[in-house]
Structure formats: C-alpha cells, structure tokens
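Here's the structure, in structure tokens; my notes come after.
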Amino acid sequence: MSAEQAKKYFEIGLQFFKDKKLDLAQFNFEEALKLSPNRPSILQNLALVYFLRKNYTQANEVLKNLENQNFFNDDLRELKFKILRNLKKTEELSEFLNNNKNFTDSSYFYKTFNELTYPDFFYDQSDIDQSRKKIDESLERLLNDPFKKLNLDKEVLEPPIFNLSYDQYDNLNINKKIVTLFRKIYPQLNQTLVSDKKNEKIKIGFFSEFFYDHTIGKLFKGIIFKLDRSIFDIVVFHSQNTKKNSIYNEFLDAEIKIGLKNVNLDKDFTSKISLIAKENLDIAFFPDIGMSTEFYYLSFVRFAKIQVTSWGHPITTANTSIDYFLSSILLKSELDNKIFTEKILYLKNLPMYFYKPILNNPLIKKETTCKNLYFCSQSMVKFHPHFDLILNKILSEDKKAKIYLIDNKKLGKKFKKRLKENINQNFDRINFLDRLSLENYINECGRASVLIDTLYFGAGNSFHESMTYGTPTVTLPTQNLKSRIVMGAYKQMQIEDPPICKDVDEYVFKATEIANLNANSILNLKYYYKDQAERYLFQNEELVEEINTLFIELYNKHEKTTL
C-alpha cells in the first residue's frame, strides 16, 4: 500500500514540476520519499527541485544518499558540481572533481575549472607556497596546451584572484596569465564598445554587484552621491545578485534626489554589454574588480575611453582594459609601480566619502573602558597562519588577555583546529562571536580595549566603523597597498604616535600596552581618536572637491590627446 501511495505522490510531484510549481512538487516528492526511502527516482527529482529552489544544502544531502547507493551518472555529477559551486565549498568541490576524473577530463570546462580552483584556507606557509606554485603551473599548462572557446553565459570559470589575495605576495604575474587565458577562452571579452558620440555632460558609469549593505556600498556610495551633477551624468550598474536592502534603496532614492540612473543588468552577457554600450560612457569605474565573477568579466570589455578601478579589492587587475587605479598619497609605497599595471592616481585624501554610522543603542561610558579585551574584527579569510603567532604572543605577554574573533560557518572549524595546534594552552582565552548586526559589531569594537589588525590584508571599512568609538587599531603594514589602509587613515586623521608597527614584537608590545591602560587613559585615548575621525575622516568634504576635479582632469586630458 505504501508503495502505491508513494507512486501516487511521485506522479503528482512530476506534474507539478512540469507546471513549474516547485513548492508543490517538493512537497509531493518529500511525501513519496517518506513512504519509499532511498528510491533513486524520487531522490533525483527531489535533489533537482531543491537545487532550483536554491536549497543547496538539502540538495547536496540528497545527492550524498545517491552516491552512497552507487547510483550516480554524469547528469547527477553536473548537478553536484553546480550545488557545491553555489555553496562555495571550494575544498569539497576540488575533491569531487579530482575523484571523478573521467567526468572532469571529458569536458574542457570542468578540467579548466579544476585547474583554476584555489583554496580559501591554509594551515601553514608551506601550504600557501605549494598552492601558489600549483596554480602557476596550471596556468602555464593551460596557456601552452590547446584550448577551447567557451560560452560565458553557460560555462563560467571562477577567477581565482580573490582567494589569491590574502597572503603576503603580489599577484601581478599570476593575474597577467589569468587575463591572457580568459581572453583566449572567451572571445566575447575582447570587445571595444566605445562611441565617438559626445555627451552633454561627462558620463560616468559605476559598476558593482555590491551597492547594498556591503563594504563596497559603504565605501563608494558617498563618492557617487556627491559628484557634481551640473558636470556629471551618473549611471550605476547593478547585478541580479545585488541584495535589495537599505543602501540599494538609497541608490533608488537617488534617482529622484540627484537624477542618478540605476541599471539592473541581465544574466546574459551579450544583453549586459548591449545595455551598457547604450549608455555611451565617458568613464567606467569598477571599484572592486575581483570580488564578483560577473563584474570581473565585464571589466575586460572596453566600454569607455577611460576605465578606472580602486581599492574595493586593492590588487592589480593586470588587465589592459583598466587604465587607472584610484588610490591616495597616504597609501603610497615604493612597491606600487612594480605590482600594478594600472597607472595609479594619488588623491590627497583616502578615496571615499564615508558617512559616520548612527547607533540606536550606543554603549555607556563604563562599557568602553574595559582592560585586556582584544578584538580582531576582520573576516576569517584574512587570517594568515602568521597571524596565529601574534595571537599567541599577545596571550603569552598578557596573562589577563581575552581575544575576541568573529566566527565563520565555512572556515571556523578549520581555523579553530589550526589555532589549537599553534596556540595550545592559551586557546581557551580566545572567544568566538556569532555573526553580528552592524550596530552590535560597532559596539563590540567600542567595548574592546584595542583592535588588532590582520597581517598582509588589513582593515578598511571596519576601521572607519570602529572610529565611532575611537578604539585604536594596532597595525603592521607592508609595502603592499592591501595592508596599508589603517596606516593611511591614521595619517588622514593626523594621529600623534599612532600604533603603526614595524615588526611583530612591536605589534605585540603596542597591543598589550594599550590593552593594559587604566580606565581614564583608555577613555581619553578613544575620545582623541574619535574626535580626530570626526574632524578628518567622516564625511570629508575636501575629498568631494578632489574627486570632482580628478574626473574632470582625466576627461579633459583624454579629450586633448584624441583631438
């Protein structure tokens, strides 16, 4: 009887699936499975429905059941690939492709995807060095072997440049190879869509998937909203992946308030570039090339005579389609011209107009004067194995120290394992916080005695948010731009004797010194930093004039050279 009932539920589920009523299809497949557990036909259809409804974790669990039954074909392997990719399970995806060599090697796309997969976590320095060597060898092999042309709408390779950024190395040579490879594989990227038609005003297009409640939205919305509308026409290009929350709504409101135009791009690459080309841009500005796969590929196309990127992802693109990198003299280093292909534009100020956060429930004075509380507010992807040494040294030097870190569902388990091995008996004084709301996050920065910056790729947006309370951040910059943002902010704030360190020992000394100040000294130090931030960092009107002038000069310079 149960078999007959299961069959009935299954057939009803199939009809709902054909009618694209996925919620009802899911319900019936689930009911069928209760009556006939482990039946492959039910599991296959249920996995597909879960996938289409973006329930990727459930879909993956169903596929594991089929794998355990040795009931797996290439269609299910393709589905498994898509699920793991959407879950961003880098390690598991690589393992899956390596364990299914016949499937992987039968397709140039899957084979190339596997070659370009790069880990998002490392246990030690040798792990990093081996991974970088492996991907460099893969790129050499791919560039020298016969290649196939792929469809950028259906066969999208994942650029590895994001994960490659979080160590002490620069990526100039690797990124050059990646750009060369993608230009071969995807001929669609090699287009120039620049018109000679003159606009009444200088027309600037801003491109990002992240113009919402995200670091990029916070860092760049001020520049966009503050541009002189008597001189500039502004078009903002969003992705279908852009989340529709408060900062995104600010962009929508700006259509009425300042005449800004928003364009939501289609999924199809050809449709995307057609929509962009119609806008006839004079300047194309990509604030964060490398953080979004979709916009990474868009940055290959020449949409405007002047194309600029910036410090949303502070790494060279190594792409000839990007002419300039917007930076600041406050971040300048002798290494800049050696690790960037773009011409660097140095503003006097940091390249952002940052709005001071508004708190509904700020901390009281007593809550901001705690001793021995260390908080690293950075994402776990920035935690280089060398940073474990700093944490251990702090805990060894300050026996009362408590260190707070933000947990991460994806990386947390592996990171805790690494920390236990590297820190051992001091591990119990490290506390992991669940993901925080923005206000709770800023309040945690305010409670901390001192903030500790990650190595090699440091704080940016989070430092600015922390200045709501003025809690000092100890930082150890290198000559690479990605580690110099806190240093640059201190310079702009005109802080006397900021905790900018030259080596690990000085870093630990400065951090423990600040964390052990008495209540009055901690409070006075925080007030000093906060006051300087309010004077020089937040809502910096000088930057507005500077950015307007820069874009005008860029435009005029190019117009003169093309006459």
>> For a quick check of your reading of the filter: which GluC sites (Glu not before Pro) in region 492-555 sit in a DSSP loop and have no more than 13 other Cβ atoms within 10 Å?
In response: E496
> Which far-off residues, 5 or more places away or on another chain, put their amide H under 5 Å from the one on I306, with H placed in the peptide plane?
Replying inline: A284
> Okay, helix-only estimate at 222 nm for the chain: each DSSP H run of n ≥ 4 adds -39500 (n - 2.57), divide by all residues, round to 500 deg cm²/dmol; what do you get?
Replying inline: -15000 deg cm²/dmol
> Amide H neighbours of L347 under 5 Å, counting only residues 5+ apart in sequence or on other chains, H built in-plane at 1.01 Å?
Replying inline: S327, S328, I329
>> Students often check this: by mean Cβ neighbours within 10 Å, which of 5-16, 208-219 ranks highest, and how do the rest follow?
In response: 208-219, 5-16
>> Using the Kirkwood radius over C-alpha pairs as Rh, can you work out the diffusion coefficient of region 365-536 via Stokes-Einstein at 37 °C, viscosity 0.692 mPa s, in µm² per second?
In response: 206 µm²/s
> How about region 474-563: which trypsin sites (Lys or Arg not before Pro) there lie in a loop by DSSP and see at most 11 other Cβ atoms within 10 Å?
Replying inline: K502
> With contacts defined as alpha carbon pairs under 8 Å and 6 or more residues apart, what's the relative contact order of region 181-275 in percent?
Replying inline: 27 percent
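With an 8 Å cut-off on Cα pairs and a minimum separation of 6 or more residues, tell me the relative contact order of region 365-536 in percent.
28 percent
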>> Would you report the distance distribution of C-alpha pairs in region 1-85 as whole percents per 5 angstrom bin, up to the bin with the largest distance?
In response: 3, 17, 27, 23, 20, 8, 1, 0
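Please list, by residue number, every one of the trypsin sites (Lys or Arg not before Pro) in region 335-367 that is coil in DSSP and has at most 15 other beta-carbon atoms within 10 Å.
On the way: sites: K338, K343, K348, K365, K366; in loops: K348.
The qualifying sites are K348.
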>> In whole Å, what are the extents of the chain along the principal axes defined by its C-alpha atoms, from largest to smallest?
In response: 78, 70, 49
> How high is the relative contact order of the chain, in percent, counting Cα pairs under 8 Å that sit 6 or more residues apart?
Replying inline: 11 percent
> To one decimal place, what orientation-averaged projected area in nm² is obtained for the convex hull of the Cα set of region 303-342?
Replying inline: 3.0 nm²
> Simple spin-label model, 7 Å along Cα-to-Cβ: K134 to C370 in nm?
Replying inline: 4.0 nm
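Coordinate-derived values only; no laboratory data. Because the structure is a prediction, the values reported are computed rather than measured. A quick note on method: Cβ atoms are made from the backbone with ideal geometry, for glycine too, and the neighbour counts reach across all protein chains shown.
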